[in-house]
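Below: one structure, written as C-alpha cells.
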Amino acid sequence: MGCGKSTCGKVLSNDFLIPFADTDKMIEESEKRSINQIFNENGEEYFRDLETGLLRKLSENSRFLGGVVSLGGGMPVREENRALIKKCGTVVYIKASADLLKERLRKRSAKRPMLKDSNIDEKVDRLLSEREDIYMEIADHILETDGKEIYQVVNELKRIYNKCVR
C-alpha cells in the first residue's frame with residue numbers, strides 16, 4: 001500500500017504494450033462500489049474472498065499471463081493466494097521503507113479502508129511487521145524504491161521483465 005505498484009505497473013504495461021490489471025480496481029468495477037464501501041457494508045473477510053476469487057480467474061486467464069498485475073497489499077497474506085500468485089508468473093516486491101510509505105499514505109489515508117480511523121504510523125508499522133516476511137517469501141525479485149524516481153523504478157522493472165520473457 002503506497003509503494004507505487006499501480007503507478008509503475010501502468011507505465012511498464014504501456015511501454016511494453018502488455019495488459020495491466022489492478023486487482024483493487026477490478027474488484028471495485030465488478031462490485032460497482034468502492035473498496036471503502038465493501039469494507040463498510042460487508043467487512044474485510046468478504047473483501048478478501050473477492051480477492052481470492054479474482055486471483056483464481058487471473059491465474060487461469062492467458063491474457064494476463066505475461067502482463068502486469070498490481071496486487072492489493074493484503075492479497076498475499078492468505079496462503080491459498082500465495083500459490084495462485086506464484087502461478088501467475090514472476091513476482092516483484094516493490095519495497096519502500098516504512099517512513100516513505102507513511103509519508104505517502106498520510107496524503108491519501110481517507111481512500112484506504114485499512115488506514116481509516118487509525119494512527120497511520122502505527123498501522124503501517126503493524127502491517128509491515130505482519131506482511132514483510134510473506135512478501136519476501138513469495139518475491140522472485142525485490143526492488144527497493146527509496147530515493148528513486150518513478151522512471152528509475154520502471155527501468156528496473158523493465159530489466160526484470162526482459163529477463164523473464166527470454
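Read-outs: derived from the displayed coordinates by stated rules, not from any lab. Since this is a predicted model, take the numbers as computed values, not measurements. Cβ atoms come from the backbone with ideal geometry, glycine included; neighbour counts cover every protein chain shown.
Odds and ends about this structure:
- Span-like helix check, the chain: qualifying full DSSP H segments, with Cα axial length of 18 Å or more and mean Kyte-Doolittle of -1.0 or more, are 44-60, 120-138, 150-165.
- DSSP-loop trypsin sites (Lys or Arg not before Pro) across region 1-104, with at most 11 other Cβ within 10 angstrom: K32, R63
- Two-site label geometry, Q152 and A98: point separation in nm, points 7 Å out along Cα→Cβ: 2.3
- Gain in span if fully extended, T7 to K57, counting 0.36 nm per residue against the direct Cα distance: 15.7 nm
- Cα gyration tensor shape of the chain, rounded if a/c is under 1.5, else prolate or oblate by comparing a/b with b/c: oblate
- Remark: for residue pairs K95/K148; K86/K123; K5/K148; K5/K102; K102/K123, the C-alpha separation exceeds 19 Å in K86/K123.
- Cα-based reach from K87 at 18 Å (exclusive), listing lysines while leaving out same-chain residues under 8 positions away: K57, K163
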